[in-house]
Amino acid sequence: MSFVEVENVFQSYGARPILERVNVTVNRGEFISIVGASGCGKSTFLRLLLAQEQPTRGSITIDGRPPAQEPDRTRGVVFQRYSVFPHMNVRDNIVAGEAFARSFGRLFGSERRAAQERADAMLERIGLNHVADAYPATLSGGMQQRLAIGQALAAKPLILLLDEPFGALDPGTRLSMHDFLMHLRGEIGMTVFMVTHDLSEGFKLGDRVLVFDKPRWDPTDPDAYGATVTYDFDARNRGIPFQTIMEETHVLRPV
Amino acid sequence: MRLINRTPSPALRAFLVLVPFALAFVVYLVASEIRLEANPSDRLLPSPGTILDTAVSLLTVPDRRSGAILFWGDTWASLTRLSLGVGLAAAIGLVFGMLIGLLPHVRATLSIFVGVLSLIPPLALLPILFITFGLGEVSKVVLIVIGITPFLIRDLSGRVMEIPREMIVKAETLGASSLVIALRVALPQVLPRLVQAIRLSLGPAWLFLIAAEAIAANQGLGYRIFLVRRYLAMDVILTYVLWITFLAWVIDWLLKAVARRAFPWTEVSP
């Protein structure tokens, strides 16, 4: 049984189909990059994974649980913008990852202190402990996205969804964010879905690269058909296939 | 250089700020001078000296009948009504603004209704308010509430709906319930707008207050103005007008200062 199962998912807005017959299975700990042209349903697919929208047909299950009706703590998300709360300082943004699940969205007493300590540990890990008391608006774009990722992870989700998380960053910051994300992932082994416009980014970070495109195209009515997963690349080992021996071969391997 | 690119130096700016005030004063002075020359007992445009004398006596000489200084009594009565009215309107506006902004069902039920309500001229309801709530304090406070609440509800619900969907979804993925989203995401971001909306609605609030006091009251700034109007006591009226202007300015300044202290995150530039 795979960790994330997308079964025969269709999504249409009114009469206009967006996604058709999407079938994907993902194992625990895989990093899935999702690429494709504008308007080919990558973001729709992410919203479906997020349970922000319900598919018109088909189902998405995570870890064998029943399909979610609305976004919940099993899915963490980072958008291109607006992923942190501007009225809370950096530490409180991380604490929110634990506190928001409580009935009034706050922690009190020793629980609160413990959460703040865990938040400080998280800030240490994402390299933001020196700005713990600052408001997000004073941070650079890269720092804000690091904070958003840290906040999402503080809630301990099953899968992490990234919607063009580095799209608004300059190239240098983007590269350092790649290192940051790979390092973080090496530590916690999270299952990640990342939508990106940047092919090289998708191949660099992902274990698999899903390409969304329209397999059928009616030139007189471009909206007649929806998109689906047209390629499913193995992007491990720099995209060179068959580098990982999957089965036990009983021959000596180089160490 | 284009005019839009020319900026005054700090000294010139300070001077330019004072120019319209000085000009208004001079125009009044000249007009008053002309009228007083034609008729020294003219009451329409009293000289600034007369106004000052009146102001001093208003502030120091107690009323012969009651022994109290009416000026402070009027100020106290008006400010009480104003703060009650604006406070109630702000509370109602905040609650309904948040409900309409956050909950689609409430929005579907109320947003058109509030839009229609806001078109009713509040002053046209004044007779009904006097009949329903009597001539006491309640009707005046209710007039202010009716006058500015629809605006506050619409402004605040609009602000709540401006909160990016991403931020709400993010809160959902952190496990926040609707209540938590309201209290921890929407409310803190709406409060600065509430202060701003109150500042904007203080003008109408004063208007409704003075209108209500003018028609039925036994003290209050608006009441006094419309009482002494019968004796053409322009010196008293002008003193009260200047005082009201000053009060309005101080309240506005205080609200601005409170907002700056209470919401430091709105001050930081991105």
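With chain B treated as a Gaussian network of Cα nodes joined by springs under 10 Å, which of B:Lys170, B:Lys256, B:Lys140 yields the largest mean-square fluctuation?
B:Lys170
Beyond 23 Å, what share of the Cα-Cα pairs of chain A is found? Please give it as a whole percent.
In whole percent, the share of Cα-Cα pairs in chain A beyond 23 Å is 55.
Please average, across the residues of B:174-186, the number of beta carbons from any other chain that are within 10 Å of each residue's own beta carbon, and give a whole number.
What the average comes to for B:174-186 is 6.
Could you check how much of the accessible area of chain B is carbon and sulfur, as a whole percent, using a 1.4 Å probe?
In chain B, the share of accessible area belonging to carbon and sulfur is 71 percent.
Cβ neighbours within 10 Å, averaged per peptide: list A:115-121, B:103-109 in order, most packed at the top.
Taking the mean over residues of other Cβ atoms within 10 Å, the ranking is A:115-121, B:103-109.
Rounded, prolate or oblate: pick one for chain B, where a ≥ b ≥ c are the square roots of the eigenvalues of its C-alpha gyration tensor, a/c under 1.5 means rounded, and failing that, prolate if a/b is larger than b/c, else oblate.
Since a/c reaches 1.5 but b/c is at least a/b, the shape of chain B is classed as oblate.
Give me the accessible area buried between chains B and A, both sides summed, with a 1.4 Å probe, in Å² rounded to the nearest 100.
By this definition, chains B and A bury close to 2400 Å².
What is the distance, in nm, between label points placed 7 Å from the Cα along the Cα-to-Cβ direction at A:Asp221 and at B:Leu88?
Going from the A:Asp221 label point to the B:Leu88 one covers 6.0 nm.
Dividing the Cα radius of gyration by the Kirkwood radius, what Rg/Rh value follows for the protein assembly as shown?
Rg/Rh for the protein assembly as shown comes to 1.14.
What span do the alpha-carbon atoms of the stretch A:104-255 cover on each of the three principal axes, reported in whole Å from largest to smallest?
58, 58, 34
Provide the per residue accessible area, probe 1.4 Å, for chain B, rounded to a whole number of square angstrom.
I get 57 Å² per residue for this part.
Would you mind giving the average projected area, over all directions, of the Cα convex hull of the stretch B:3-45 in nm² with one decimal?
Its average projected convex-hull area is 4.3 nm².
Please report, ordered by residue number, every helix of chain B (full DSSP H runs) that is 20 Å or longer along its axis going by C-alpha atoms and whose mean Kyte-Doolittle hydropathy reaches -0.5.
Once both thresholds are applied, what remains is B:10-38, B:70-102, B:137-162, B:187-215, B:234-262.
Taking R0 as 45 Å, what FRET efficiency do you get between A:Tyr231 and A:Ala114 from their Cβ-Cβ distance, rounded to the nearest 0.05?
0.45
The values are calculated or read from the model by the stated rules, or taken from the named source; none is laboratory data. Just so it is clear, the model here is predicted, and its values are computed rather than measured. Cβ sites come from the backbone with ideal geometry, for glycine too, and all protein chains shown count toward neighbours. These area figures cover heavy atoms from the full protein model, side chains too; ligands, DNA and RNA do not enter into them. Shrake-Rupley method; radii C 1.70, N 1.55, O 1.52, S 1.80 Å.
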